[in-house]
1. May I ask you to list the residues in the range 148-181 that are farther than 14 Å from residue 216 by Cα and not in a helix (DSSP H, G or I)?
2. Condition first: more than 23 Å from residue 53 (Cβ to Cβ) and crowded, with 21+ Cβ neighbours inside 10 Å. Now tell me which residues in the range 185-210 satisfy that.
3. Would a scan of the range 239-259 turn up a residue that is touching a residue at least 40 places away in the same chain (Cβ under 8 Å), within 13 Å of ligand 1 (Cβ to nearest atom) and either surrounded by 14 or more Cβ atoms within 10 Å (Cβ to Cβ) or farther than 25 Å from residue 292 by Cβ (or both)?
4. For the range 29-43, check the following and say yes or no: at least one residue is more than 25 Å from residue 288 (Cβ to Cβ) and either touching a residue at least 40 places away in the same chain (Cβ under 8 Å) or not aliphatic (A, V, I, L, M) (or both).
5. Which residues, counting only those in the range 273-293, are more than 12 Å from residue 308 (Cα to Cα) and polar (S, T, N, Q)?
6. Taking the condition of being closer than 30 Å to residue 170 by Cβ, under 16 Å from the mean Cα position of the chain (by Cα) and away from ligand 1 (no atom under 13 Å from the Cβ), how many residues in the range 72-104 meet it?
7. Please give the helices (runs of 4 or more DSSP H) falling wholly within the range 273-357 in which 2 or more residues are free of Cβ contacts under 8 Å to residues at least 60 places away in the same chain and of a type in the set (Ser, Thr, Tyr).
8. Would it be correct to say that residue 213 is modelled with pLDDT under 95, more than 21 Å from the chain's Cα centre (by Cα) and of a type outside the set (Phe, Trp, Tyr)?
Amino acid sequence: SAADYVRIVEVGPRDGLQNEKRSIPVATKIELIERLARTGLRTIEAGSFVSPKWTPQMANSSEILEHILRHPPISPHPISYQWLLPNVKGLDNFLNIWQAHVSSKQDQQDAYPTPPPSPGTEEGSTLDTSSQNPNAMPSTPPPSPSPFPPKTELSIFTAATETFTQKNTNCSIAESLARFEPIMSRAKELSLPVRAYISVALGCPYEGPDVDPHKVAELAVNLLEMGADEISVADTTGMGTALKTADLLKTLAAAGVEKSDLALHFHDTYGQALVNSVVALEFGIRTFDAAVGGLGGCPYSPGATGNVATEDLVHCFHSLGAKTGVDMEMLAGIGEWISGELGRANESRAGKATLAR
Ligand code: HMG
Ligand code: MG
């Protein structure tokens, strides 16, 4: 029903920042994640373990992972941090840090049970919360000062067209699936949930707008059979429309893919992301990816833009009676702040309007 809870997966720190040409200080990336953690979001994609030759901006993701594990951001609920990886090399780089932390934490806990944090003394508790608005949705709980231990998820990615898969990961679709086998089995051993992205599901920059929805469905079924916990269907190019979105969702359902196994990942290049999101919401999808401030897009690809702005999606879903648990005022402030840090225009209409009230 419309009163349902919708989970927003904030991908700004990864998808939103990965295309920025200017190097972004790791402290700014961490501050972005820490601010987002306070808004009520439950899932944040925080970085990627891809080749630094391919995506230089993500090269310091290991520092970010290390920081999050050592100093869990303060949040009102436990947060899952997602880390994108293309191959076993990325998994190994991730696990080098993650496993060292998990085992040292284990030793520590065995020797000295951790006392609960005392409010107001932990790191980050001095963060300015003056942007909290008294008119914020009453259902939004005030951010608790307690850090929760971070939860971890892995994200893998393939695409619905051969050309895009080659351009993005230098392999065929079949090869990309083969690369996932060892990642998936390792993740299962470690009880780490895995989400799998299917890029260019509603249009490809190389093969055109008419991507076969049956190809997307076939891939989704394959990935779920391999053990993926969630499929994020991505409109990489923003070529999706309301009708194409509805058609794709029907095709996925006809292939046996459960709504609860799907997330939708819209880029807003043609301004259709909100319309498509409402179509998907009405269809019964309850997980959506978004980037605060509408971050993202490639400066060398004319007209390309970022993900749907989290502020716009949250505003839209709240207007329909859905609950996101996300504080709109805080989010709007973050979108404005990070846009300023990057020297970009704030791409969120609802964010700017909220701040101008
Ligand atoms: P390749 O060049 O074929 O890989 O790239 P390779 O195995 O031949 O290795 C080449 C070099 O990279 C070697 O180093 C490797 O060690 C290194 P060298 O020996 O030359 O010094 N390398 C790595 N280093 C760090 N981490 C790794 C890694 N792997 C290899 N994981 C590869 C193949 C898949 C690595 C490359 O194509 C790649 O990294 N692609 C990722 C590109 C990317 O980041 N794209 C954006 C993310 S996906 C996305 O945004 C879409 C999404 O938002 C959904 C949507 O909107 O569509 C998720
Ligand atoms: Mg994307």
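The values are calculated or read from the model by the stated rules, or taken from the named source; none is laboratory data. Keep in mind the model is a prediction, meaning the values are calculated, not measured. FYI the Cβ positions are ideal-geometry reconstructions off the backbone, even for glycines, and counts take in every protein chain you see.
1. Our first condition is that a residue be farther than 14 Å from residue 216 by Cα; within the range 148-181, this holds for 148-156, 163, 166-172, 175-176, 178-181.
148, 149, 150, 151, 152, 153, 154, 155, 156, 170, 171, 172 - these are the residues of the range 148-181 that are farther than 14 Å from residue 216 by Cα and not in a helix (DSSP H, G or I).
2. First, pick out the residues of the range 185-210 that are more than 23 Å from residue 53 (Cβ to Cβ): 185-196, 198, 201-204, 207-210.
Within the range 185-210, 187, 194, 195, 196, 198, 201, 202, 203, 204 meet the criteria.
3. Filtering the range 239-259 for residues touching a residue at least 40 places away in the same chain (Cβ under 8 Å) gives 244-245, 248, 255, 257.
Within this subset, residues satisfying the condition of being within 13 Å of ligand 1 (Cβ to nearest atom) are none.
No, the range 239-259 contains no residue that is touching a residue at least 40 places away in the same chain (Cβ under 8 Å), within 13 Å of ligand 1 (Cβ to nearest atom) and either surrounded by 14 or more Cβ atoms within 10 Å (Cβ to Cβ) or farther than 25 Å from residue 292 by Cβ (or both).
4. Restricting attention to the range 29-43, the residues satisfying the condition of being more than 25 Å from residue 288 (Cβ to Cβ) are none.
No, the range 29-43 has no match at all.
5. Taking the range 273-293 first, the residues more than 12 Å from residue 308 (Cα to Cα) are 278-287.
Scanning the range 273-293 gives a single hit, 287.
6. Just the residues of the range 72-104 that are closer than 30 Å to residue 170 by Cβ, to begin with: 80-100.
Okay, now just the ones that are also under 16 Å from the mean Cα position of the chain (by Cα), so 80-86.
Of the ones still in play, those that are also away from ligand 1 (no atom under 13 Å from the Cβ) are 80-81.
So the count comes out to 2.
7. Numbers: elements: 273-283, 310-319, 328-342, 349-356.
No helices (runs of 4 or more DSSP H) qualify here.
8. On the way: modelled with pLDDT under 95: no; more than 21 Å from the chain's Cα centre (by Cα): yes; of a type outside the set (Phe, Trp, Tyr): yes.
Considered against the rule, which asks whether it is modelled with pLDDT under 95, more than 21 Å from the chain's Cα centre (by Cα) and of a type outside the set (Phe, Trp, Tyr), residue 213 comes out as no.
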